[in-house]
Amino acid sequence: MLIQSLKIFCDLIDTQSFSKTAVLNGVTQSAVSQQIKSIEQRQGKPLLERHKRKIGLTKEGEVFYKGAGDIVRRYDEMLQRVEALDGVVSGTVRLSSIYSVGMRELGPYLKTYLKAFPRVNFRLDYNHTPRIYDDVASGEIDFGVVAFPRPHRNIKIIPFSEDNMVVACPPANPLSTQDRIAVNDIGDHPLILFSQETHTRHALDGFFRKHRIQPNIVMEFDHIDTIKDAVEVDLGISILPEHSVDLEHREGSLKALTIDGDVLTRPLGILHKRGRTLSVAARKLLDVLTNGKAPVAESHLQAAG
């Protein structure tokens, strides 16, 4: 049985979607259905249980899924070893990040990585945290970058960086004449915050409870650019990651104030699926993101070989 068929079977269970499985394998949804049908015919028994919103496994399917996954992983590992012997780092690497982690934070790492490995087809997109967790868990992307990462049984979390949270206000606001704001004074001002379903907002709510602040929340948004736009036109102040307002602070469209009396930091984590075999290209990207150092360039690898 072809490795591709086994991979399609595993991807279907992981993604719970015929359309996503088709995209991952570069085939049509009809081809996915045909491959699954062919596998079940070869086994002489049903492997899948098709429910209204979930694709489940029969007892035979569970055994087949585990064995197929082991075969696919070993095959991938073999290809990676062959690839490494040639010294060529190529292929596609997919990374998804939350909107508030911009190119000012990721840019230096990506520049280093792409300069060293120009043959890699790197895909970066931005999404909401729940979608990133889902895409990592299903294997649709290699890595995710999120704030305040939370444990997940199918996902491994690697610390990436920490960013101090600051109060952002417009130049027209009286607060702009100072560099710091007392933590207990934050509640005296109208606040524009991340929406309640975001992890950053959960952390801010905990910060308010810790200091017994009754926040005067006038607006909530799920996109950091919308928050900054609202602050710039003086609809309120906000509490944002320092890196995300560096440019506006330098250009004078926003003023960033240090919170005096406590330090609130926003940890960022790199997510990847537990048990997933990373390609050589993906491992090189992880090295850059976690070590912050330039990797061995592809030309050097070839010369060494």
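The values are calculated or read from the model by the stated rules, or taken from the named source; none is laboratory data. As the structure is a prediction and not an experimental result, all values here were calculated from the model. Reconstructed Cβ throughout: ideal geometry from the backbone, glycine too, with neighbour counts over all protein chains shown. Surface areas here come from the heavy atoms of the whole protein model, side chains and all, with no ligands, DNA or RNA. Shrake-Rupley method; radii C 1.70, N 1.55, O 1.52, S 1.80 Å.
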Please verify whether segment 297-305 includes one or more residues that are open to solvent by less than 30 Å² (accessible area, probe 1.4 Å), at pLDDT below 90, touching a helix residue (DSSP H, G or I) at 6+ places or on another chain (Cβ under 9 Å) and in a helix (DSSP H, G or I). yes
Of all residues in segment 14-38 being hydrophobic (A, V, I, L, M, F, W, C) and within 21 Å of the chain's Cα centre (by Cα), which is surrounded by the fewest Cβ atoms within 10 Å (Cβ to Cβ)? VAL23
Could you check, for segment 268-278, whether at least one of its residues is assigned to a strand (DSSP E or B) and more than 23 Å from SER161 (Cα to Cα)? no
Please go through segment 228-237 and give me each residue that is touching a residue at least 40 places away in the same chain (Cβ under 8 Å), buried (at least 16 other Cβ atoms within 10 Å of the Cβ) and on the phi < 0 side of the Ramachandran plot, ordered by number. LYS228, VAL231, GLU232, ILE237
Do you know which residues across segment 276-290 are closer than 25 Å to THR15 by Cβ and of a type in the set (S, T, N, Q)? THR277, SER279
LYS284 passes all but one of (1) at pLDDT 95 or above; (2) in contact with a Pro (Cβ under 9 Å, 6 or more places away or on another chain); (3) open to solvent by 20 Å² or more (accessible area, probe 1.4 Å); (4) of a type outside the set (A, V, I, L, M); which number fails? (1)
Suppose we filter ILE141, ILE158 for residues that are assigned to a strand (DSSP E or B) and modelled with pLDDT of 90 or more; which single one remains? ILE158
Condition met for ILE141 (in contact (Cβ under 8 Å) with a residue 40 or more places away in the chain, over 27 Å from LYS228 (Cβ atoms) and out of contact with any Gly (no Cβ under 6 Å at 6 or more places or on another chain)): no
Any residue in segment 238-247 that is farther than 23 Å from LEU106 by Cα and surrounded by fewer than 16 Cβ atoms within 10 Å (Cβ to Cβ)? no
